[in-house]
Amino acid sequence: MHSKKEINVFWFKRDLRLLDNEGLQDAINSGLPLLLLYVMEPSLEKNPHYHKRHHNFIAQSLIALNKELKQFNTQVYVYKDEVISVLERIAASMNINALFSMQETGIDATYMRDKVVKKWCVSQRIVCKEYINNGVTRGISNRNNWRKTWTSYMMQPIRSFEATPACFTTAKNINLTQEVLEPKKLDGIQAGGTKTGLAYLDSFLKQRHKKYQQSISKPEAARTHCGRVSPYIAWGNLSVRYVWQRAKQAKAQGACGFQLNAFTSRLRWQAHFIQKFEMEARMEFESVNIGFRQLKKEVNTEYINAWKTGTTGYPLVDASMRCVVKTGYLNFRMRALVVSFFTHHLWQPWQMGVVFLGKQFLDFEPGIHYPQFQMQAGETGINMLRIYNPTKNALEHDKEGAFIRKWVPELAKLPTPFVLEPWSMTAIEQEAYGCVLGKDYPNTIVATKETYNHASNILWHMKRNPNVRIESKRILAMHTLPDRENIMDR
Ligand SMILES: Cc1cc2nc3c(=O)[nH]c(=O)nc-3n(C[C@H](O)[C@H](O)[C@H](O)COP(=O)(O)OP(=O)(O)OC[C@H]3O[C@@H](n4cnc5c(N)ncnc54)[C@H](O)[C@@H]3O)c2cc1C
């Protein structure tokens with residue numbers, strides 16, 4: 001009887017890259033033949049947080065990885081099944097010594113899956129090695145040394161990819177059929193893969209960053225002048241450390257420091273938010289501030305549908321929602337605006353909108369999305385309450401109406417003031433311009449002056465509630481940095 005071949009397995013998750021992938025490099029250096037694995041899990045494909053654009057991006061990333069791996073006579077073996085059954089099949093034909101993977105700060109479904117995998121590894125006497133991702137630390141109870149730890153992680157040398165064909169094993173003995181990858185080029189949606197991510201980073205550092213700060217809140221200009229590297233970070237095509245070091249180098253070589261400092265701060269916020277979720281994952285289901293359990297909002301499906309379909313009668317909100325549904329991207333301010341509109345003006349529980357919006361973002365990152373959504377909903381008790389006025393935001397950030405015209409074609413032919421405030425047209429003007437409110441474009445679904453007062457009164461009152469205050473103190477001690485800056489969005 002043949003003894004089974006001894007191997008190690010590297011399981012790719014949201015770290016779909018070769019460069020600066022510590023777990024992968026350690027697995028390669030481990031001395032045993034390495035099997036590279038990706039598992040397309042039917043349970044995740046069905047999970048409401050995920051859109052087919054995510055699976056498409058993953059498939060593109062895997063194809064790009066396989067192109068890079070060709071010179072090492074290997075590939076990532078991709079199977080469609082639940083992780084445990086794939087590992088069991090592998091273990092049936094080879095002896096797995098160790099399973100290497102990243103430590104994922106994910107939704108409950110992926111966290112539970114990881115626990116099951118670890119338990120299975122213990123039962124099979126397989127060593128399970130998890131690696132820190134992007135400077136997020138598991139198991140800490142406060143942020144006292146967090147900034148120092150994060151910075152020293154960012155300053156460590158980039159792990160280059162070093163391998164020879166002899167480092168890898170094939171999967172030819174495994175009784176599993178490989179998944180055929182057939183991603184589509186989706187119009188208007190960023191394509192996956194490290195090479196594409198690098199092209200975005202290069203063009204940003206070379207040219208696009210020059211108008212970064214003045215464009216960041218503008219829904220149209222942000223598409224060109226912001227980094228646009230978020231999907232590549234979220235799915236791990238690029239490590240934050242690599243992006244951060246490249247930005248620092250560009251600054252040292254004469255790129256605009258004022259702009260790039262704002263960019264590298266945001267790279268720190270990336271981990272800062274994910275760290276919150278890592279430390280309190282129940283945020284997927286309830287407000288981080290337990291005091292807000294007392295806040296009762298009535299679900300209105302008509303409002304929710306209008307928000308989802310971009311038919312609220314507020315042009316900037318509608319343009320933003322239609323745009324994100326189609327392209328998977330919105331700049332920060334518009335993300336904040338649509339959440340504020342949903343939770344404050346429509347007065348809907350954040351839980352009724354958070355999954356739908358996350359699903360649209362190509363860069364969906366649970367650890368940023370959930371804490372940001374709750375912060376914009378005003379339910380942390382520690383952040384400034386911000387109830388955005390959609391019309392004021394349109395006047396400030398889309399003053400010519402270019403973004404609105406692009407996404408709300410019903411309004412495209414109107415003169416600019418009416419694009420931003422269609423309700424200010426008279427009935428005769430509506431007829432003359434061929435845009436009758438209530439027929440061609442919806443009447444406003446709520447009156448924001450009234451909804452502002454309603455939300456503001458209740459939420460300010462809540463902030464003074466003893467339960468909210470006790471919780472706010474706890475949150476400050478647990479989640480904020482000792483030198484917390486009083487800035488917009490942390
Ligand atoms: C309600 C809401 C939900 C959000 N959900 C996500 C999400 O699922 N995934 C996600 O990556 N970002 C999310 N963000 C943060 C932010 O809007 C995006 O990271 C940013 O718009 C991505 O565009 P960019 O790559 O051009 O950013 P840039 O301005 O070029 O920033 C560089 C990088 O820094 C990080 N970053 C930027 N802004 C923030 C921020 N405010 N908080 C944390 N990290 C930041 C991102 O990784 C980004 O790629 C959310 C914001 C809000 C208000």
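Which chymotrypsin sites (Phe, Trp or Tyr not before Pro) in the stretch 148-227 pass both tests, a DSSP loop state and at most 16 other beta-carbon atoms within 10 Å?
Sites meeting the loop and neighbour criteria: Phe161.
Which listed residue (Leu260, Tyr200, Ala234) has the Cα farthest towards the positive end of the charge dipole for the stretch 195-278, taking +1 on Lys and Arg C-beta and -1 on Asp and Glu C-beta about the Cα centre?
Leu260
Check each of the trypsin sites (Lys or Arg not before Pro) in the stretch 405-487 and keep only those in coil by DSSP with at most 10 other C-beta atoms within 10 angstrom; list them in order.
Of the trypsin sites (Lys or Arg not before Pro), the ones in loops of the stretch 405-487 whose Cβ has at most 10 other Cβ atoms within 10 Å are Lys439, Arg464.
With charges set only on the Cβ (+1 for Lys and Arg, -1 for Asp and Glu), what does the dipole of the stretch 1-66 come to about its Cα centre, in debye to the nearest 20?
Taking the Cα centre of the stretch 1-66 as origin, the dipole is about 300 debye.
Any lysines with Cα under 23 Å of the Lys463 Cα? List them, leaving off those in the same chain fewer than 8 positions away.
Lys276, Lys296, Lys297, Lys449, Lys473
Order by neighbour count: Lys218, Lys67, Lys172, fewest other Cβ atoms within 10 Å first, most last.
Lowest count first: Lys172, Lys67, Lys218.
Between the helical axis of 315-327 and the dominant principal axis of the chain, each derived from Cα atoms, what acute angle in degrees is found, rounded to the nearest 10?
The two axes meet at around 20 degrees.
State the Cα centre-to-centre distance between the stretch 447-482 and the stretch 43-58 in whole Å.
About 34 Å separates the Cα centre of the stretch 447-482 from the one of the stretch 43-58.
Going by how many other beta carbons lie within 10 Å of each one, how would you line up Leu34, Leu481, fewest first?
If I rank by nearby Cβ atoms, fewest first, I get Leu481, Leu34.
Within a 10 angstrom radius of the beta carbon, how do Met478, Met334, Met94 rank from fewest other beta carbons to most?
Sorted ascending by nearby Cβ count, the order is Met478, Met94, Met334.
Pull up the cross-link candidates among the lysines for Lys218, meaning alpha carbon to alpha carbon under 23 Å and not fewer than 8 places away within one chain.
In chain and number order, the partners are Lys206, Lys210, Lys308, Lys326, Lys359, Lys392, Lys399, Lys406, Lys413.
Show me the GluC sites (Glu not before Pro) within the stretch 385-489 that DSSP assigns to loop and that have at most 16 other Cβ atoms within 10 Å of their Cβ.
Qualifying residues, ordered by number: Glu400, Glu485.
Taking Rh as the Kirkwood radius computed over C-alpha pairs, what is the Stokes-Einstein D of the chain at 25 °C in a medium of viscosity 0.890 mPa s, expressed in µm² per second?
Estimated diffusion coefficient is 101 µm²/s.
So how far, in whole Å, is the C-alpha centre of the stretch 133-183 from the one of the stretch 204-224?
Centre-to-centre distance over Cα atoms comes out at 30 Å.
Quickly estimate the mean residue ellipticity at 222 nm for the chain, helices only: each DSSP H run with n ≥ 4 gives -39500 (n - 2.57), and the total goes over all residues, rounded to 500.
Rounded to the nearest 500, it is -14000 deg cm²/dmol.
What Cys residues in the chain are without a partner cysteine, judged by a Cβ distance under 4.7 Å?
When partners are defined as cysteine Cβ atoms under 4.7 Å apart, the chain leaves Cys167, Cys226, Cys256, Cys323, Cys435 without one.
Does anything in the stretch 25-62 have its amide N under 15 Å from the 7 Å Cα→Cβ label point of Asp108, and if so which residues?
47-49
Read the figures in this text as sums done on the coordinates, not as results from a lab. Keep in mind the model is a prediction, meaning the values are calculated, not measured. Here the Cβ is made from the backbone with ideal geometry for all residues, glycine too, and neighbour counts use every protein chain on show.
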